[in-house]
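Engineer: Have a look at this one before I ask anything.
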Amino acid sequence: MKDELFWIIVLIIYFWWIPFFLISRLINWFSETIRDAKRYREIEPKLYSFNREREEFEKYKNRWQEILTQKEKELEIQKIEWQKKVDEDKKTIEQIAKEKSQGFPWLAQAYADYFYLQRLKEAEWLKLKPRSAKKAAEKVKEIACAKKEVEIKLRQAQYIIKYFLSLAPSLEEWIGEEDEELLKAILSREVDEPFFTLKAYWYSGQDPARRYLTKEEWAKLSRLDRLQLALERYWQPKNRFEAGIMYERYIGYLYETKGWGVYYSGITEGKADLGRDLIAKKENITKIIQCKRWTSPRFKIINEKHIFQLFGTAFQYKLEHPNENVKAALYTTTSVSETAKRFAVELSKIIQIEIKDNFPLKKYPLVKCNVSRKTGEKIYHLPFDQQYDRTIIEEERNECYVETVAEAESLGYRRAFRWRGGKE
């Protein structure tokens, strides 16, 4: 009995804390429940507001979904209309493709009809003005008909040329001076617009400096100011051909300053130069020089064909002049391909070929001050004067290059007379 009582007492002492723990947990649960209820009462208005906002959001969402659906329908309609337009444009392009080799005659016809109608309006005005000019009106109509046909042919020629140049841009490289001027005239002017080359000024007896000035500038400026302004604008070439001439003159100038005698065959002989832009001579050496200034990004590199051309023309010159020590040089503002350089090295075993690539054009004195061998008269030539490239500057005769017209005249030089058909 005593043992049983002992174990009961031991158990009570050991587990006495369990009831207290359970009561404590119950009290804590009850307290947390009260706190949660209080917190719920606090956030209940916010929860209610949130539910309302969610309902409003759902309404807006549904509304925008309807708008989006409507816009998708409209876009689908626009897509169908756009596709129709694309199909129509495609047919038009196909029509252009069929007619491109014939110079877009329908477009040329449209241009011609427009100008024809303009001239007919002029004719009607001549008829209806207070002092009627019926004969003049009939003459205008007659001219309009003739010019309509000319306009068609001009437009067709423009489109054909532009199309072929787009297919083979390198064709421009082989166009000579006269061809380039003619080509520019065809591509850039209207039927009634005059087009003057430097040769046109020379042979008409007009000062070629006028080509670089407006009529207003020519009338307003003094003689010296006119010439100096024309000289400054010369640095802005009007076409690829003029840019090439500037480069040839620059390379020639560099050789002249080193004591070489330079003949500007590319400029003075045109297509007959046989690819010899410059022929420079010093002592017993003759150097055949080819210059390439390519301003168009389509022409980025010199290839081996240009080396072959230079070698061929230099070799031909050597055959014609067996007693001369003939060499060749290529100057270019662009790069020369590695293949072309290797060919130049191999061909140099026969005729020495010097390559100067990425050789830029720099400004230099342009005015040539020359002393006449016949009369001793001191004359200066500007780069647009007719005898500029035939004039050789010899320092031993006190001839020189200067930068300005005023400087040349201060040294006692007068400008070369205008030329008419080759006579000064």
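Engineer: Restricting to Cα pairs below 8 Å that are 6+ residues apart, what does the relative contact order work out to for region 331-412? Please round to a whole percent. Kindly include the intermediate steps, with their values, before the conclusion.
Structural biologist: On the way: 93 pairs, mean separation 21.9, N = 82.
The normalised contact order for region 331-412 reaches 27 percent.
Engineer: Counting pairs of alpha carbon atoms under 8 Å apart in space and at least six apart in sequence, what relative contact order in percent does region 261-382 give?
Structural biologist: Details: 198 pairs, mean separation 24.4, N = 122.
Across region 261-382, relative contact order equals 20 percent.
Engineer: Separate question: Which sequence of Phe359, Phe50 reflects their accessible areas, 1.4 Å probe, from the largest down?
Structural biologist: Details: Phe359 55, Phe50 110 Å².
Reading off the accessible areas and sorting them downward yields Phe50, Phe359.
Engineer: Output the pairs from Lys215/Lys362; Lys282/Lys363; Lys61/Lys84; Lys215/Lys281; Lys220/Lys258 with a Cα-Cα distance over 32 Å in this structure; if there are none, say none.
Structural biologist: Working: Lys215/Lys362 30 Å; Lys282/Lys363 25 Å; Lys61/Lys84 34 Å; Lys215/Lys281 43 Å; Lys220/Lys258 41 Å.
Cα-Cα > 32 Å for Lys61/Lys84; Lys215/Lys281; Lys220/Lys258; rest within.
Engineer: Apply the Karplus parameterisation 6.51 cos²θ - 1.76 cosθ + 1.60, with θ equal to phi minus 60°, to every residue of region 210-215 and state each ³J(HN,Hα) to the nearest whole Hz, in sequence, with x for glycine and proline.
Structural biologist: Once θ is set to phi - 60°, the couplings for region 210-215 become 4, 4, 9, 10, 7, 4 Hz.
Engineer: What does the convex hull of the Cα atoms of region 305-424 come to per residue, in Å³, rounded to a whole number? Before the final figure, lay out each step's value.
Structural biologist: Numbers: hull volume 19.9 nm³, N = 120.
So the per-residue Cα hull volume is 166 Å³.
Engineer: Please give the solvent-accessible surface of Leu68 in Å², to the nearest 10, using a probe radius of 1.4 Å with every protein chain present.
Structural biologist: Looks like 90 Å² after rounding.
The values are calculated or read from the model by the stated rules, or taken from the named source; none is laboratory data. Given the structure is predicted, the values throughout are model-derived calculations rather than measurements. Ligands, DNA and RNA are excluded from the accessible area calculation, which covers all protein heavy atoms including side chains. Shrake-Rupley method; radii C 1.70, N 1.55, O 1.52, S 1.80 Å.
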